[in-house]
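I have placed the structure first, in the form of structure tokens, so that the comments after it can refer back to it.
The values are calculated or read from the model by the stated rules, or taken from the named source; none is laboratory data. Bear in mind that the values here come from a model prediction, so they are computed numbers and not experimental data. So basically every Cβ, Gly included, is an ideal-geometry build from the backbone, and we count neighbours across all protein chains shown. We work out accessible area using only protein heavy atoms, side chains counted, and drop any ligands, DNA or RNA first. Shrake-Rupley method; radii C 1.70, N 1.55, O 1.52, S 1.80 Å.
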Amino acid sequence: SGARSLRHLPADELPDLTERLRDLGIYGQYYEYRQKYLDWRRGCATGARGEATFTVFEANRDADPYRFEFWYPTPSMFRWRFTAAYWMAILFLLGALLFTSNYAFALAHAPGQSFMTTWPNALGSVYFVLGGYFGYLQLINIGTEDAKDNSLFRLDIAKIKERVTTESCVGTIGYLVGTILYLFGAWLDVCGGAMGLEEFLLADLPNLLGSMCFVVGGICEILHNRIFRRDGATPRQLVWWAAVCNVIGGLLFLAGSVPAFVDSGWDPDLKAKFVNWVMTIGSAFFAVSSVFMILMWQCNDFGLTLLRQLNFAVQARGRCQVAPMPGGDGGRMGLRLQIPSDAQQHLAADGSGKPKFSMRGAFFIVTYCWFVFVALINTVIKQLRFNHATERDMMGRVTDLLMQVFIVLVLKLVLIVHSVVTSVPNEQPYRAAVIGGRFVFFAGAVVQTMQCGWFFWYPHFEV
């Protein structure tokens, strides 16, 4: 009866639910939706092309080999893919930055090489494994209808093959296996290294096989996005740059792993310089690719480089509608995406596939990642200084390390917040908090970078 009485009330007498929306933490999303709806009503947006008839929908679904309408069956899966793509890009960026610094320190003969050329590599390998795992999660849950039913490990090949192509499966699993293999050699160095057969089995061979997996993953990205083909991705699209950078990074990692199997006729110093140079450049390419993936995430390209079906589903200006779930009894409702039959031609013709993203937002996300990176490097530096100190202050050491860990954890929380708050809100005081936080964390990143740079200029102990 309450709902019936509200239905007959004039609009100006309806209750104000603003505070209720704020309590639920969704007022910002409601406000953004309201503004876009009002813009559409004023004629600022054109909406989806094509008639939203049942006949057209069925024809499009039958002609669509990837069945896009099932990729975002529920809002929870949309949010889950949104979050998984974000963390995959962030974790790969952090790992690539640590890899780059590790081999750059070796080239520059940084102070305390046993620390500065082992710990960044080991920490980077952990981030790479986590990034590969998030990509694996996207793959194995490609057919899941609700986020609460997501699997953490189980791989259903038959179900996955109904949704994605072979190169998506091979590339995703290749990256995950490659990151795991690379983890062995990285942590072996931290544990003191090995010689002879142990070094070959636990470091050299896993590094070579892991690098080969990276190359396979990069090639799968090229094939999946049909790069260098007439009907494929072009340099005007972010996915082109991300995939090309990944395959170059993988090839350079492979080139850096091969010299370990070449013993004769190569000067050891020259071999070390070659390995460090190609690994530094290869890691830098992975870092650049990760930045492009962050930009893709901002464009709602949640499939990133190996699940382009998800990207096309959002870019094609399809119409989302609430509809009964397939195979259900009519009681379960989900989101259905209708894609116009000329969507692919439309994207290519009018350039609507051109990325639309906030460069400022992406800049600050990358800044937070840089802040995490230099904070981790400074943690290693503090431990290194303690090891070389003439008078060791254990309490000072513990408090210094805990402060660096605290900074890293705070930054991880900031990154978690930005996985939800993707733009500066218009309402106060949230707007002031986000803008103020950006300034504070940017200043913190500058200070931590200066502290790191000062160590290499004046390490406070004999090199």
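What the table below lists for this structure:
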read-out	value
Qualifying helices (runs of 4 or more DSSP H) (wholly inside the range 120-214; at least 2 residues being touching a Gly at 6+ places or on another chain (Cβ under 9 Å) and farther than 20 Å from SER101 by Cβ)	157-161, 166-190
Out of LEU139, LEU130, LEU181, sole residue that is in contact with a helix residue (DSSP H, G or I) (Cβ under 6 Å, 6 or more places away or on another chain) and open to solvent by 60 Å² or more (accessible area, probe 1.4 Å)	LEU130
Residue list for the range 107-116, restricted to those being open to solvent by less than 30 Å² (accessible area, probe 1.4 Å) and more than 14 Å from GLN383 (Cβ to Cβ)	ALA110
Pair list, Cβ under 8 Å, 6 or more apart: the range 77-93 residue under 26 Å from GLY250 (Cα atoms), other residue β-branched (Val, Ile, Thr) and open to solvent by 10 Å² or more (accessible area, probe 1.4 Å)	LEU93/VAL291; LEU93/VAL366
Odd one out for ALA203, checked against (1) of a type in the set (A, V, I, L, M, F, W, C); (2) open to solvent by less than 20 Å² (accessible area, probe 1.4 Å); (3) at pLDDT 90 or above	(3)
Test set (1) open to solvent by 60 Å² or more (accessible area, probe 1.4 Å); (2) under 19 Å from ARG360 (Cβ atoms); (3) assigned to a helix (DSSP H, G or I) - SER423 fails condition number	(3)
Top-ranked residue in the range 56-102 [being at pLDDT 50 or above and among the β-branched types (Val, Ile, Thr); ranked as surrounded by the most Cβ atoms within 10 Å (Cβ to Cβ)]	ILE90
The range 166-178 - residue that is of a type in the set (Ser, Thr, Tyr) and crowded, with 24+ Cβ neighbours inside 10 Å and, of those, farthest from the chain's Cα centre (by Cα)	SER168
Scan of the range 437-455 for residues that are of a type in the set (Phe, Trp, Tyr), farther than 15 Å from SER101 by Cα and at pLDDT below 90, ordered by number	TRP454
Residues being open to solvent by 20 Å² or more (accessible area, probe 1.4 Å), at pLDDT 50 or above and not hydrophobic (A, V, I, L, M, F, W, C) - total across the range 283-325	4
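Conditions tested, residue by residue: (1) small (Gly, Ala, Ser); (2) modelled with pLDDT under 85; (3) closer than 23 Å to ALA84 by Cβ; (4) open to solvent by 50 Å² or more (accessible area, probe 1.4 Å).
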{"position": "ASN121", "(1), (2), (3), (4)": "no, no, no, no"}
{"position": "VAL126", "(1), (2), (3), (4)": "no, no, yes, yes"}
{"position": "GLY193", "(1), (2), (3), (4)": "yes, yes, no, no"}
{"position": "GLU199", "(1), (2), (3), (4)": "no, yes, no, yes"}
{"position": "VAL215", "(1), (2), (3), (4)": "no, no, no, no"}
